[in-house]
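The structure appears below as structure tokens.
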Amino acid sequence: MGLLNNLMSKIFGHSTPAVATAASASGAAPAAAAAPAAAPAAAAAPVDVAAILDGMAAKNPEKLDWKKSIVDLMKLVGMDSSLGARKQLATELHYSGDQNDSASMNIWLHKEVLKKISENGGKVPAELLS
């Protein structure tokens, strides 16, 4: 998963190398193998995603609300947040809805990306995962 791996590496890259390596390896592995690959790193040192992203947001001249917007989350970590890039990410994550309904796709993408980050060793606030 190219874009998802890129996004996670940009977040986990602000943490310990062991967690970033586990996240990268698990993103490339099949889902069944991903959990065991990420589990040791997650158990040893969960990555506080909110602290990392809040810190990045505080240093960013734009007001980016990563907690509510996939566009802002992608911008915050320095990724292309264009509709084309989001459609590519949606395809990677197997979005089954209409990619031309960008509002619905964006909401789904935001939740799915945070879920994937959480599954790969990221400590994401519970209210963002529901």
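The values are calculated or read from the model by the stated rules, or taken from the named source; none is laboratory data. Quick caveat, the model's predicted, so the values are computed rather than measured. In case anyone asks, the SASA skips ligands and DNA or RNA and just uses the protein heavy atoms, side chains included. Shrake-Rupley method; radii C 1.70, N 1.55, O 1.52, S 1.80 Å.
Taking amide H as placed 1.01 Å from N in the peptide plane, the amide H of LYS123 sits under 5 Å from that of VAL47, ASP48, VAL49, each at least 5 places away or on another chain. The alpha-carbon of LYS59 sits under 22 angstrom from the alpha-carbons of these lysines, leaving out residues fewer than 8 places away in its chain: LYS10, LYS67, LYS68, LYS75, LYS123. Expressed as a whole percent, the accessible surface of region 90-130 that belongs to carbon and sulfur atoms is 50, based on a 1.4 Å probe.
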